[in-house]
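The values are calculated or read from the model by the stated rules, or taken from the named source; none is laboratory data. As the structure is a computational prediction, the values presented were derived from the model and not from experiment. Methodologically, a virtual Cβ is constructed for each residue, glycine included, from the backbone with ideal geometry; neighbour enumeration extends over all protein chains shown. To get the accessible areas, we keep the full protein, side chains included, count just its heavy atoms, and leave off ligands, DNA and RNA. Shrake-Rupley method; radii C 1.70, N 1.55, O 1.52, S 1.80 Å.
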Amino acid sequence: MTTQTVAFIIAFALYLAFMVVIGLGSAKKNNNVKDYFLGGRKMGPWVTALSAEASDSSAWLLMGLPGLCYLGGIKETFWTALGLIAGTYLNWLIIAKPLRKCSISFGDSITIPEFFAKRFNDKKHILTIVSVLPIVVFFTIYTASGFVACGKLFESVFGIPYMGGLCIGLIVILTYTITGGYRAVCTTDFVQGVLIFVAFVVSSIVMIAVLGKVSNACDYGFLSTMIKDQIANAAKSAKEFNIAAIAGEFGTELQEKFTANQSFGVMSAISALSWALGYFGMPHIIVRFMGIRSNKEIGRARRVGMSWMLISYIGTFILGSLGTVYLKNRGIILNGNTCETVFAETMKLMYPGFIAGIFLCAILAASMSTADSQLLSAASAVSNDIYKGIINKKASEKKVLLISRVTVLVIAAVAFILCLLPNNKSIMGLVSYAWAGFGACFGPIIILALFWKRCTKEGAIAGIIGGFITVVVWHNLKGGIFNMYEILPGFIVCLLLAIVVSLFTKKDEEIEAQFDKFKAMKDSEN
């Protein structure tokens, strides 16, 4: 075992132990279900902001997105990043305050299905069941992406078999999620968000310095993008192409390794921008708005979160795109799914053992910060909304917490099995499918629930079902218009169905009166 490997092990062990300690410490502060699922609505703006962004920016930020930059350059990831940044800002600006007010006004709801049930007066629990189904399905898929990242990370850093890496990530995430609940998840997400931020900032500066200066680094970035484009053009036309004539430091072996997407056009740009729609329906993100201490602190949280996101995305572009040159100069060429390890490979070469190990923990942080939030959100939907809301309305809080923890175990087990399937080892592929599902099923309903009092439970049910079916069907069809990202058609179908069905069903005057009271609430009242 090398000295570097020993240093990596020490760094990872200290980090993982710290996460577990936070979970065990937070467990003592969980006095009831509201504490476990929403932190008692006592989370501050900094913790809320970094927790929301860390939960959003899962392993795809440090593995999936840099991998796309590595293969295709900035061009292919710019539009996706632009959509994500716009979606984040609009979510904080438009959804955060109204959702916190509305969730309090309508029966002090602590989960998204419970919020839907109370907002639309779902006495027969049909809407509750309909909304829990997508949560369980898509959170299982989303959680699998986090486990895949853990497997790839430990395989890349320690040479541990993929299965072993999956098991390590699974055990640690389950430990602090099951014991600590929402407070532990938010606190660990805050720590992980800081680590991700520092890793990107420091490493981007170091990489630019290694390449000479800012102008040289930019030249390298555009050069590597140009090379990739021309390699792909040559491959498409089956003509010989001399890579060395463009840049001496690249060998002809890149002709087979890099395949930039030359079909990137208007449809691709629209698909990439449509990632913004997903934010309005992400339960593990928007529940952070419900858990913040006061509406007056949302503005500060938004500024903190957006600053974190912008700087982190710049770091993604720098490390992913310039990593082509940086790694090639050191004899490393990545291809296929291994391109998603560009951040890990760069950290191993850029820093001495222990420091590299700490920064490599940022990948683990990204995986864990999303997986824990997703597991908790799914568990809250099953235990609080299905079990207590429908099956056993007199269930004690202790029993609800037990059901929640069992649910976490079951969903994690299913997600683990998904990770073992040969077609489920692409982090971006898993994330994009789950992202589309949540955005299409819940995004339009959240917007209508907050801004249109005429929306009815029948409209909400029709919208969720329509969005779910559209995403699943569209995702499995290929060619022509079906190459468009499924979130856009799913979002449109959900929105139209919810509006049309609501207009053709009887309005609830009691709910509309409560809606008016919610709209009249001031920030100082909650």
*Run the dipole for segment 400-526 about the Cα centre, Lys and Arg Cβ at +1, Asp and Glu Cβ at -1, nothing else charged, and hand back the magnitude in debye, nearest 20.*
240 debye
*Label-point separation in nm, Ile171 to Leu14, each point 7 Å along Cα→Cβ*: 2.1 nm
*asked:* If R₀ is 22 angstrom, what is the calculated FRET efficiency for the pair Leu82 and Ile481, using the beta carbon separation as r and rounding to 0.05?
replied: 0.45
_Leading residue at positive end of dipole, segment 390-481 (Cβ point charges), from Asn392, Gly437, Ile481_ = Asn392
_Nothing charged except the Cβ atoms of Lys and Arg (+1) and of Asp and Glu (-1): what's the magnitude of the dipole of segment 282-369 about its Cα centre? Round to the nearest 20 debye._
400 debye
*Fully extended contour minus Cα-Cα distance, from Ile333 to Lys506, at 0.36 nm per residue*: 56.1 nm
*Determine how large the accessible area of Ser156 is when every protein chain is in place; take a 1.4 Å probe and give Å² rounded to the nearest 10.*
30 Å²
*Going down the list Lys399/Lys453; Lys124/Lys522; Lys394/Lys507; Lys124/Lys506; Lys394/Lys457; Lys118/Lys506, which pairs span over 27 Å between their C-alpha atoms?*
Lys399/Lys453; Lys124/Lys522; Lys394/Lys507
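May I ask you to derive the relative contact order of segment 394-523, considering only C-alpha pairs under 8 Å and at least 6 residues apart, and to give it as an integer percent?
Dividing the mean separation by the residue count of segment 394-523 yields 27 percent.
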*To the nearest 0.05, how large is the calculated FRET efficiency for Leu310 and Lys394 if R₀ is 45 Å and r is the Cβ-Cβ distance?*
0.40
*What is the packing order of peptides 513-522, 427-436, 7-16, 269-278, taking the mean over residues of other C-beta atoms within 10 Å and listing the highest first?*
427-436, 269-278, 7-16, 513-522
